[in-house]
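The values are calculated or read from the model by the stated rules, or taken from the named source; none is laboratory data. Computed from a prediction, not measured in an experiment: that's the story for all the values here. To get the accessible areas, we keep the full protein, side chains included, count just its heavy atoms, and leave off ligands, DNA and RNA. Shrake-Rupley method; radii C 1.70, N 1.55, O 1.52, S 1.80 Å.
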Amino acid sequence: MAIVKVKSTVYGSTDAQGVFTSASGASALGHILRVCGTVNCLATDESGSEYTLLDIPASAVMLPESAIKTTGWGFAQAVIGIDDDTDALLDVTKATGGATGNNPITIFDAKWNMPIWAQLGMAEAPLNFITLKVFTAADATGDGQIDFDLLFANHV
């Protein structure tokens, strides 16, 4: 048996070569950013249309309290992601989520407490911002909207 003193990931870490890795964005002293918005579509919008939700720093961590309401969307499917992976964040029929919306991140799941670039399945962090978009693969069936209430933590 050994007596050890171990610090959590809140403090970051130093590897055997002395390289410091900072604490994750959702760690203590993180700055919380809340972004709420709506994106609209028209019944005349066609397959291949794209709707930009927001740009977010690649180091930000999407929190489990985030929600995306798709029930009023004018397309049958709500597909949200990035240019190279259109359904990286969410791919659901518009009827899912009900009044409270869909939660793309679940507390303690595989995407929890990771920077958004990792939550989206990217191999490495881009140097700047990530643009989240809604993508379409069929024509709209009516006017509609997606509401989003996204919370991010960023280490300060």
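The heavy atoms of PHE129 offer some 120 square angstrom of accessible surface to a 1.4 angstrom probe. What a 1.4 Å probe finds exposed on the range 83-142 is 56% carbon and sulfur by accessible area, rounded to a whole percent.
Three principal axis extents describe the C-alpha atoms of the range 47-156; from largest down they are 42, 27, 21 Å.
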